[in-house]
1. Please list Thr10, Thr68, Thr107 from largest to smallest accessible area, probe radius 1.4 Å, with all protein chains kept in place.
2. How far, in nm, would the chain grow between Val353 and Asp188 when pulled straight, counting 0.36 nm per residue and subtracting the alpha carbon separation?
3. Students often check this: by mean Cβ neighbours within 10 Å, which of 193-201, 235-243 ranks highest, and how do the rest follow?
4. Work out the FRET efficiency for Leu11 and Ala258 from their Cβ-Cβ distance, taking R0 = 30 Å, and round it to the nearest 0.05.
5. Under DSSP H, which helices of the chain have Cα atoms covering 27 Å or more of the helix axis and a Kyte-Doolittle average no less than 1.6?
6. Which of Pro361, Leu91, Thr146 sits closest to the plus end of the dipole of the chain, meaning its Cα is farthest towards the positive end, when Lys and Arg get +1 and Asp and Glu get -1 on the C-beta?
7. Quick one: order Cys60, Cys317 from most to least accessible surface, probe 1.4 Å.
8. Kindly provide the helix-only [θ] at 222 nm of the chain, computed as the sum of -39,500 (n - 2.57) over DSSP H runs of four or more divided by all residues, to the nearest 500 deg cm²/dmol?
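The values are calculated or read from the model by the stated rules, or taken from the named source; none is laboratory data. These numbers come from a predicted model, not from an experiment. Positions of Cβ are backbone-derived with ideal geometry, glycine not excepted, and every protein chain shown enters the neighbour counts. Surface accessibility is based on the protein's heavy atoms, side chains included, excluding ligands, DNA and RNA. Shrake-Rupley method; radii C 1.70, N 1.55, O 1.52, S 1.80 Å.
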Amino acid sequence: MDLAPSERQTLTEQTFAALFDSELVTDLRRMGQRDLGAGFEASADDASADARGAVWQTLCDLGALRLTPELTPGSGLADQVVLARHIGGALYQSPWADTATAVDIATAAGRTDIVARLADGEAAAVAVRAEAVDEPDRPGPVDVTTEPGRARAVRRFVAFAPDVRWLLLAGTGTGTGGETMLLLVPADHDGISWHRHDDMGRGDFYQVDFDGVPLADALDLGGPDAGAVWAEALLRSRIRHAAYLMGMAGAALEETSAYMRTRRQFGRSLASQQAPAFRMADAATEREATRLLVEEAAWLADTDRDARLAALQALACAAELARRVATDAVQLHGAVGMTEEHDAQLFYRRAAVDSLLLGRPTELRRRAAPLLARAYA
């Protein structure tokens, strides 16, 4: 039975509602969190690792990585946007976004065997940045000339490197005419090592060293059209990430609004005072506009239309919205918002890191400018 897009999104909401139930969200938000200053080798304790593994497998069993037309007829990016919004609201850190990108690339390569393994829970992490300031549109260099037949590269801010089954190395080959390479490498390969980054979001980001990994041990998912494949995969990733950030902003907004109804200043609730109430109303209006942008971008991609401009605009708006709402959350909660016991500071720290993962808003707007000019020429 074919379902209308709105019906499919409702079905997706219902499927994942129990996993992201309000009673579980508090645990999900702190799952896998590392103490600031814990060091390069910090790892989750066994209980935390087991819990993360159980949640990840449940997410996969519910079909989180099967929301593509190839695996579930009638589904698409619009369904993934619904799930990404739930994940953002829960601040749930997982390899889902990177694995979904790997599914897109493996699908384009016609590797149905890899797609099936990824969809069943073999998580992947995307390794694209050579330096922290790099933008993902042009993957970092991969040296294939020092030792012919081997790949050498350094990648920073790779999520969940010790926990995944695959590493998707996106790179620009040196000595190959600057061609894009998309190599899927087993994460436990002897030629790979990693060190954890200590970031303010207390997340799971790593520097990964590919020290002469034989090309024969990697799956080439790019081929001659690797550049176009990566561009399309990045576009879809940005739409999913925009939805994630929108979900984050929405949850921070809801929690702040609820707290404002109980916090009293000058003899009445903060919510009844005009200035803070208007700030929340303004943020709610901006969130609704961002939601429409994200959903339009997903619809354009699902219907094989040009979604480049919409994807860039959606992510830029969602990134700035997430940081603004998170900042407001800390300020409007007062001193309690800066304490470890409250989620306001958690939203703030995560927004500071996550809003930059797939491009800085200024860079996204720079890339959107010529597309915008062409659209209204």
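1. The ordering from most to least exposed comes out as Thr10, Thr107, Thr68.
2. My answer for the length gained is 56.7 nm.
3. Ranked from most to least packed, the peptides come out as 235-243, 193-201.
4. The formula returns an efficiency of 0.60 here.
5. Going by DSSP H runs, there are no hits.
6. Of the listed residues, the answer is Pro361.
7. Numbers: Cys60 5, Cys317 40 Å².
The most accessible residue leads, giving Cys317, Cys60.
8. Numbers: 11 runs with 188 residues, N = 377.
Value at 222 nm, helices only: -16500 deg cm²/dmol.
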